[in-house]
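The values are calculated or read from the model by the stated rules, or taken from the named source; none is laboratory data. Please read all numbers here as calculations on a predicted model, not as lab measurements. Positions of Cβ are backbone-derived with ideal geometry, glycine not excepted, and every protein chain shown enters the neighbour counts.
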Ligand code: NAI
């Protein structure tokens, strides 16, 4: 039985994500926090006939109450991309928002799991970690950057190429980070053999890396992925809730590699070098990251090259996040 706070609950992701969490039978309390419009969202969702109790928290004055006695905080607060923007362009605004929200969680529910959706995830997760470290409550097993949408896209886009594949069952490990070329799908290690040619592998890899742009372009100034992200966020949260309740669950996430020093050695061997954070499939348990999951094989030369490219960009993203907290 889990208490969940959604911070940024009135937004494009926040609203459908709040609804999906209201439908999750593992959730007993649902705290919805935003700086605008959240009373209406909460009143609306509170009528759905499930047992979770919904409470609304509006504005900075109610942030502390929103994150008190919670087990899981999900953070989709912040601005989304418009056409022509990269996720890194969002840094200036979202960095400060994530920092403030994590400070409040550190003060009022230091043991809570934190799932960061706000972009750029490659930098907002290091921000969250530095805030938690400064408050003396950092546990790398409990902090996650949500990269589930990359995995969801990999499964769905693979089916576009191989219509026989069950998109809901297919699992493609996606490693690295969560923006452009830092997203590295390991298609050769998919749970179902896809039998892709080199050309298909390259094409599908690029589509997964830049899949978010398809949505940004189609929305034409009205934002980025919200509905598929809410689905992905709810799937990740459900995995965490099942893990809290004792199930063994594997989900990908962008984590601090300190969460599993042995697993980290293997990840570094893949080409992650001395990076402190990396997206990897993770075995979740009641305390969060139990261990980094085995990939089930060695990546191909193409994939290793993509990991090297990702690692270089990631190093800069991680540094930017950590420096923001140090200098702020
Ligand atoms: P949105 O603009 O529709 O909603 C954001 C919400 O955050 C708004 O309701 C706003 O009032 C709220 N907010 C702003 N400042 C806040 C603060 N200080 N405290 C609490 N709430 C605050 O944006 P959308 O589309 O929901 O996207 C949210 C974030 O999620 C963006 O940063 C976007 O880039 C990111 N995103 C991440 C994905 C991922 O795979 N991790 C995928 C898609 C989007």
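Inclusion of residue 93 among residues that are assigned by TED's automatic domain parsing to the domain that holds residue 15, more than 22 Å from residue 286 (Cα to Cα) and within 14 Å of the ligand (Cβ to nearest atom) is warranted.
Can you tell me how many residues in the stretch 152-165 are in contact with a helix residue (DSSP H, G or I) (Cβ under 8 Å, 6 or more places away or on another chain) and within 16 Å of the ligand (Cβ to nearest atom)? Residues in the stretch 152-165 being in contact with a helix residue (DSSP H, G or I) (Cβ under 8 Å, 6 or more places away or on another chain) and within 16 Å of the ligand (Cβ to nearest atom): 4 in total.
Step by step: first the residues of the stretch 121-130, then only those that are in contact (Cβ under 8 Å) with a residue 60 or more places away in the chain and crowded, with 24+ Cβ neighbours inside 10 Å, then the one that is farthest from the ligand (Cβ to nearest atom). Which residue is that?
Of all residues in the stretch 121-130, those in contact (Cβ under 8 Å) with a residue 60 or more places away in the chain come to 121-127, 129-130.
The next check asks that each one be crowded, with 24+ Cβ neighbours inside 10 Å; those that pass are 121-127, 129.
Details: 121: 5, 122: 10, 123: 11, 124: 8, 125: 10, 126: 15, 127: 13, 129: 16 Å.
Only one residue fits best here, namely 129.
Quick check, is residue 295 more than 20 Å from residue 122 (Cα to Cα) and touching a helix residue (DSSP H, G or I) at 6+ places or on another chain (Cβ under 6 Å)? Outline the logic, then answer.
Numbers: more than 20 Å from residue 122 (Cα to Cα): yes; touching a helix residue (DSSP H, G or I) at 6+ places or on another chain (Cβ under 6 Å): yes.
Yes; evaluated as a whole, the condition is true for this residue.
Just one of (1) on the phi < 0 side of the Ramachandran plot; (2) out of contact with any strand residue (DSSP E or B) (no Cβ under 9 Å at 6 or more places or on another chain); (3) in contact (Cβ under 8 Å) with a residue 12 or more places away in the chain fails for residue 307. It is (2). Counted as qualifying within the stretch 153-267 are the strands (runs of 3 or more DSSP E) with 2 or more residues that are touching a residue at least 40 places away in the same chain (Cβ under 8 Å), touching a strand residue (DSSP E or B) at 6+ places or on another chain (Cβ under 8 Å) and under 19 Å from residue 301 (Cα atoms), namely 174-176, 183-185. In this structure, does residue 146 turn out to be within 18 Å of residue 295 (Cα to Cα), within 16 Å of the ligand (Cβ to nearest atom), surrounded by 23 or more Cβ atoms within 10 Å (Cβ to Cβ) and modelled with pLDDT of 95 or more? Answer is no for this residue.
Number of residues in the stretch 96-113 that are within 13 Å of the ligand (Cβ to nearest atom) and either surrounded by 21 or more Cβ atoms within 10 Å (Cβ to Cβ) or over 18 Å from residue 317 (Cα atoms) (or both): the value is 7. Against the list (1) within 14 Å of the ligand (Cβ to nearest atom); (2) at pLDDT 95 or above, the condition residue 287 fails is (1).
What about residue 164, is it at pLDDT below 95 and over 30 Å from residue 35 (Cβ atoms)? Criteria met by residue 164. In the condition set (1) surrounded by 14 or more Cβ atoms within 10 Å (Cβ to Cβ); (2) in contact with a helix residue (DSSP H, G or I) (Cβ under 8 Å, 6 or more places away or on another chain), residue 315 is compliant with all but (2).
Screening the candidates 80, 76 for the property of being modelled with pLDDT of 95 or more, within 11 Å of the ligand (Cβ to nearest atom) and under 21 Å from residue 235 (Cβ atoms) yields one hit, 76. Checking the conditions here, which among 22, 69 is away from the ligand (no atom under 16 Å from the Cβ) and within 23 Å of residue 110 (Cβ to Cβ)? Checking each option against the conditions leaves just 69.
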